[in-house]
Amino acid sequence: MRDFDDSPEPPGELAGSADGRHRFLVQRHRATRLHFDLRFEVDGALVSWAVPKGPSLDPQRKSLAMKVEDHPYAYGWFEGIIPSGYGKGDVVLWDDGWWDHDPEYPDQVDAAEAIAAGEFKFVLIGRKLRGRYVIVKTSRPAGKGRSSGEEWLLIHKKDQYAIAGWNPEDYPQSVLSNRTNEDVAEGRPGRWKAATEDELAELDHIKTKGDWTVDGITQQITNLDKALIPGRNGEPPITKRELIAYYATVAPWMTTTLAGRPINLNRFPDGIEGAKGGFFHKSVPAHAPAWVRRWPNPNAGKGETREYLMLDGAPSLVWAANFAGFEIHPWTSTCASPDEPSYALVDIDPGENTAWDDTLVLARLFRVAMDKLGLVARPKVSGQRGIQIWIPVKAGYSFRQTSDFVEALSKTVGGVVPDLVSWKWKKNARRGLARLDYTQNQVNKTLVAPYSVRPRPGAPVSVPLEWDELDDPDLRPDRWTIRDVFHRLDEIGNSFDALVGVQQTLPEL
Ligand code: MN
């Protein structure tokens, strides 16, 4: 068989998916009974089995696998709570990666045919599952006393990835968010691993470029002493090394708002004062290593980005920072439901004549509105001049609905202080007044992520707040930078943790 090294390249270009490769996805699903949903991308759908004890690397294990109906492609990325009906329970994305035909059986070239014939031989290259497998239909008839589905057996071959005694239950965490099913059920925030003290010390010792290992993944980082952002107030400039160290450290706090979402990256390869300025990078560059997680947008139209970057932990944040992609904009929706926003977003966008106190007046009016409406929400400072408010919503809303809600809410708030707000969209018609920009509630319109660096002197970051901090006379929209935000996180944690798992109905306005 082909030799896949530790950070493998996908096994060649295969026909099928948007990016020419076939994915597999495994969800750990606590429904009436715990099972693992093993799903293969075949002809654009997910051919699926429910494996009660889970797939393994142990060749001695013959895992019962019940064939279930094909699922739509997007569903494979789902992680969260199924509130009712068939499958009621909690789901984490337990593994994903590529599948290929087993090269030792060159005659088997069509997966759909092999599955129809009752024996499918394949190779997996996942985060957890690796190596050669066969899934084979048993001769036992369906029916009496047992499930009505078809019974199959999933077996790992004896190869260099086989590990005797390997039990999937020893590795229960999500590959997207690092959560367990219990975390999902309890609404506990996910936490990616941060770089350790030792790893950070190693980063300090790398000269201008070298290999660095964070959270088990080694990558080459380059131009470490290049200044990308000037300092402020006479402080030294921010180098790429410092940005990399920042993202490797802040990673756990970014989990809840990045995991499972496509990302638009704002890149500044020549620094924020460079001739090119910044530009948005949506697609994953060809040179990206195989372990960088990609999401093929099934709804991409002609000329649109087809394969988006997903950030899934400290290594991928480091990879992005090394690529000078340090302003991070996650989608408002997840890969599992790209047309359904998870938040309604209020964007208080100050004009040239908007004083900070005016911005605060507007934010406090939204606070009153959230209180009156009984909605859980939190503000965050943008790291530049504005304040944004994130309102978590239950599954099933369209962007049209969240946009209509935020429009009505914003017009109500703006109506209280008409002298502060303009409803003109052209900047030069706004007379320097603030805009309450409800138009951000659209697919692939994004607001900056919490704890993302902003391209301003001093590298300020966007920071979630508690509502009462709007009354703090020391509050500023760019108060925290990559050099001091950790004091705040140590003291009060992440205010957006309060939004995790909140499923709200938006009231009529
Ligand atoms: Mn299931």
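Listing for the model above:
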| read-out | value |
| --- | --- |
| Pairs from Lys53/Lys193; Lys53/Lys128; Lys240/Lys380; Lys193/Lys445; Lys128/Lys157; Lys411/Lys445 whose Cα-Cα separation, in the structure shown, is over 18 Å | Lys53/Lys193; Lys240/Lys380; Lys193/Lys445; Lys411/Lys445 |
| Within the chain, helix-based [θ] at 222 nm, where runs of 4 or more DSSP H residues each add -39,500 (n - 2.57), nearest 500 | -5500 deg cm²/dmol |
| Out-of-range pairs (alpha-carbon distance over 21 Å; input Lys276/Lys426; Lys67/Lys394; Lys121/Lys158) | Lys276/Lys426; Lys67/Lys394 |
| For Gly97, distant residues with modelled amide H under 5 Å away | Phe24 |
| For segment 337-509, projected area of the alpha-carbon convex hull averaged over all directions, nm² | 10.0 |
| Placed amide H near Thr239: partners under 5 Å, 5+ positions off or other chain | Leu228 |
| Sequence ranges 288-299, 88-99, 366-377, ranked by mean other-Cβ count within 10 angstrom, highest first | 88-99, 288-299, 366-377 |
| Distance histogram for the chain (every C-alpha pair counted, 20 angstrom bins, percent rounded to whole numbers) | 22, 52, 23, 3 |
| Cα-centred dipole magnitude for the chain, charges only on beta-carbon of K, R (+1) and D, E (-1), debye, nearest 20 | 820 |
| Formal net charge of residues neighbouring Asn167 (Cβ-Cβ distance under 10 Å; K, R +1; D, E -1) | -1 |
| Computed E for Trp356/His287 - FRET, C-beta separation, R0 41 angstrom, nearest 0.05 | 0.45 |
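Each reported figure results from applying straightforward, stated rules to the coordinates on display, with no laboratory input. Since the model is a prediction, treat every value here as computed from it, not as a measurement. Every residue, glycine among them, receives a Cβ derived from its backbone with ideal geometry; neighbour counts consider all protein chains shown.
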